[in-house]
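The values are calculated or read from the model by the stated rules, or taken from the named source; none is laboratory data. Please read these numbers as outputs of a predicted model, since none were measured by experiment. Counting neighbours? That spans all protein chains shown, and the Cβs are built from the backbone with ideal geometry, glycine included.
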Amino acid sequence: MQFFGQFETEHGEEYLTESYLFFKNEDEDDLTPKEFKQLIKTQKLKKKNIAGTIIMYNPFYMPLGYDENKTLTSQGFDFDTDFSELKIEREIAQFRAAIKGYKGQLVQIRTLFNLNIRKVDNADMLVKLNSDSELLNSDQLTYFDKEMNYIDVRNVTINGKFVFFAWGHKTNPKEFLDIHTYAQSLYDRCVQMQKKVSFIFKKSTREGYAIEYLNFLHPNDAGKFTFRMPDSLKKVFETNPPQCAAFDDINAHRV
């Protein structure tokens, strides 16, 4: 598997505005970023080559050869480059292990927020994102670039037959109502588009609770039972299209 993404910058912020997993055939050489771009050059090609979409909260990925402890700007990164090959780390490595059956195809990675930083969920940042989320359907200026950082839900195109939601529990309506409303509108839009929606839910709270509160577990956000997540993720992608799967957060002992 290869991972490709396109970075943009505005007013000192860095965004990963587009990214894809490519599941190459075993007998194929790795694609260059230029060769990869040909697979998504037109909407017709996207429709043909993209099997589905994974939606998470925000990215934190770096191109091959770059230090994740520094900004891309400080390392002289060329933001005019269309696409770069990215490091396969963290949840992407888990997806590589779990996703089968899509040889020669792409899975698009999308995020509620495209701001490419390690810890987007600090209090100050969440206040800014929540305030921005309230303004997304207005003509008012947002703190972060509206086109680079956010999904235009009303005009969004979701490629492929399935959507796997994995943004964790960060859309709590009691704390950040406008982020929750933004996330809810995206979830509803995917359902309206008749995409096969899947996610991982806690066994203790069940599937209905996950839908009501948009609590769709992230591969690396499972607390003390993290060791059980690979099995749940594998269960999701056992079928084509993927299915919802329970995460066992009840049993206290390692099995």
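Of all residues in region 160-187, those that are closer than 28 Å to residue 46 by Cα and among the polar types (S, T, N, Q) have Cβ atoms under 8 Å from Cβ atoms of residues that are at pLDDT 95 or above and outside any loop (DSSP other than H, G, I, E, B), 6 or more apart or on another chain, in 185/153.
Taking residues in region 126-139 that are within 9 Å of residue 178 (Cα to Cα), and partners anywhere that are among the aromatic types (Phe, Trp, Tyr) and assigned to a helix (DSSP H, G or I), the pairs with Cβ atoms closer than 8 Å and at least 6 places apart or on different chains are 133/182. For residue 191, the conditions (1) free of Cβ contacts under 8 Å to residues at least 40 places away in the same chain; (2) in contact with a strand residue (DSSP E or B) (Cβ under 8 Å, 6 or more places away or on another chain); (3) closer than 25 Å to residue 8 by Cβ all hold with the exception of (3).
Taking the numbered list (1) at positive phi; (2) touching a residue at least 24 places away in the same chain (Cβ under 8 Å) in turn, residue 76 passes all entries but (2).
The one condition from (1) over 25 Å from residue 149 (Cβ atoms); (2) in contact (Cβ under 8 Å) with a residue 12 or more places away in the chain; (3) of a type outside the set (Gly, Ala, Ser); (4) in contact with a helix residue (DSSP H, G or I) (Cβ under 9 Å, 6 or more places away or on another chain) that residue 4 does not meet is (1). Going by what's in this entry, would residue 143 be described as without any contact (Cβ under 8 Å) to a residue 60 or more places away in the chain and among the aromatic types (Phe, Trp, Tyr)? Criteria met by residue 143. Could you grab me the full set of residues in region 100-122 that are among the hydrophobic types (A, V, I, L, M, F, W, C), over 21 Å from residue 31 (Cβ atoms) and touching a residue at least 60 places away in the same chain (Cβ under 8 Å)? Matches in region 100-122: 112, 115, 117, 120.
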